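Read-outs: derived from the displayed coordinates by stated rules, not from any lab. This structure is a prediction, so every number in the text was calculated from the model and none was measured. Positions of Cβ are backbone-derived with ideal geometry, glycine not excepted, and every protein chain shown enters the neighbour counts.
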Amino acid sequence: MKNQENRQSIKEFLSWRENLYHGLNVRKETIVELLDALSSNQMANSVVGLSENPLFRRDYNSSANYCHR
């Protein structure tokens, strides 16, 4: 039962993530990767820390440029 609930939760999350991506007008990939890094990171306390997360495949400038807009 728990396994089925987990699959359903993952399916709903992926749907939400895809809807978010398609609803963004600019910097879609950067924003989604930054959210992935944020949601998977327990230690970062700055944008620099998030940009070092493996799920954020861009450089620090991409995250800083987005955050300063």
Report summary line: For the stretch 35-41, Karplus-derived ³J(HN,Hα) couplings (6.51, -1.76, 1.60; θ = phi - 60°; whole Hz; x for glycine and proline) come out as 5, 4, 5, 5, 6, 9, 9
Query - Segments 19-30, 42-53 sorted - mean Cβ within 10 Å per residue, highest first - result: 42-53, 19-30
Query raised in the report: Pulled fully out, how much extra length does the chain show between Asn3 and Trp16, if you take 0.36 nm times their separation in residues and subtract their Cα-Cα distance?
Result: 2.7 nm
